[in-house]
Amino acid sequence: MKKLKIWDKEYGLLDYKGKVVVSSRTIADVFDKRHDHVLRNINKAIQTIKKTKFCIFSDGNIFKVNYKDKQNRQYIEYMLTKDGFAYIAMGFTGEKAAQFKIDYINKFNEMQDYITALNTARIEYPELTAAIYEVHENPQPYHFSNEIDMINKIVTGMTAKQYKEAHNLGDVPSIRPYLSAEELQFIGMLQKTDIGLVLTEPDYQKRKRILEWYYTKLKQKMLTA
């Protein structure tokens, strides 16, 4: 199986096609169980589910993949979504297990919010790019970088270059994976607004003031919600 991006090293959460999942091997490690025992429990659970009208549950929330060990031998593991994990972890008892289950559910929610916000921010880029092409007959690189840096600076207080330097990120292609879910949400909303502004307001400073005002309103709304 293609190596998935780890979103949280402590909890071993992975990004699988936009969904947060955890490996049965990670579950075995965290809950101090043998992996073959966890596999046995998962297989039993799947068989039980398939006998009910909710058999589609296991297809979307618990799925089998292959992995290779250091000796290049191939083995089976399962990937579980938050719902799949919750169903399997119901059978884990004890005070420590209870706390782990609560921590995992919270972390699943946190990481799913993060991935959703990140994807939203990425989706906005093509539309903003198209808007810039629409208003500039011969757009220059700074037309794009200035617009994105303006939004980054409003939300994070820094341009992308400054953020990389401040956080020792090196030459990463994007700062988006290093931002919080809240920051990504704001960036996505400002980008969506800026698409319309680019098409209707040619003055950069006016666009900036409008976006700063909008960002302040969004922050105030969040604080009073």
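Structure summary
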| quantity | calculated |
| --- | --- |
| Out of VAL198, VAL135, VAL172, sole residue that is buried (at least 19 other Cβ atoms within 10 Å of the Cβ) and hydrophobic (A, V, I, L, M, F, W, C) | VAL198 |
| Complete set of residues in the range 62-103 that are touching a helix residue (DSSP H, G or I) at 6+ places or on another chain (Cβ under 6 Å), of a type in the set (Ser, Thr, Tyr) and over 30 Å from LYS192 (Cβ atoms) | TYR78 |
| The range 166-218, subset assigned to a helix (DSSP H, G or I) and of a type in the set (S, T, N, Q), residue nearest to PRO139 (Cα to Cα) | THR200 |
| Filtered residues of the range 3-20 (kept if in contact with a helix residue (DSSP H, G or I) (Cβ under 8 Å, 6 or more places away or on another chain), of a type outside the set (Ser, Thr, Tyr) and either surrounded by 13 or more Cβ atoms within 10 Å (Cβ to Cβ) or at pLDDT 85 or above (or both)) | TRP7, ASP8, GLY12, LEU13, ASP15, LYS19, VAL20 |
| Enumeration of residues in the range 74-102 that are among the charged types (D, E, K, R) and at pLDDT below 85 | GLU95, LYS96, LYS101 |
| Test: residue in the range 58-72 that is at pLDDT 85 or above, among the aromatic types (Phe, Trp, Tyr), more than 27 Å from the chain's Cα centre (by Cα) and outside the structural domain of THR116 (by TED's automatic domain parsing) | no |
| Filter result (part of a helix (DSSP H, G or I) and either β-branched (Val, Ile, Thr) or touching a Phe, Trp or Tyr at 6+ places or on another chain (Cβ under 6 Å) (or both)) within the range 86-96 | ILE88 |
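The values are calculated or read from the model by the stated rules, or taken from the named source; none is laboratory data. Since the structure is predicted, the reported quantities are computational estimates derived from the model, not experimental observations. Note that we place each Cβ from the backbone using ideal geometry, even for glycine, and neighbour counts take in every protein chain shown.
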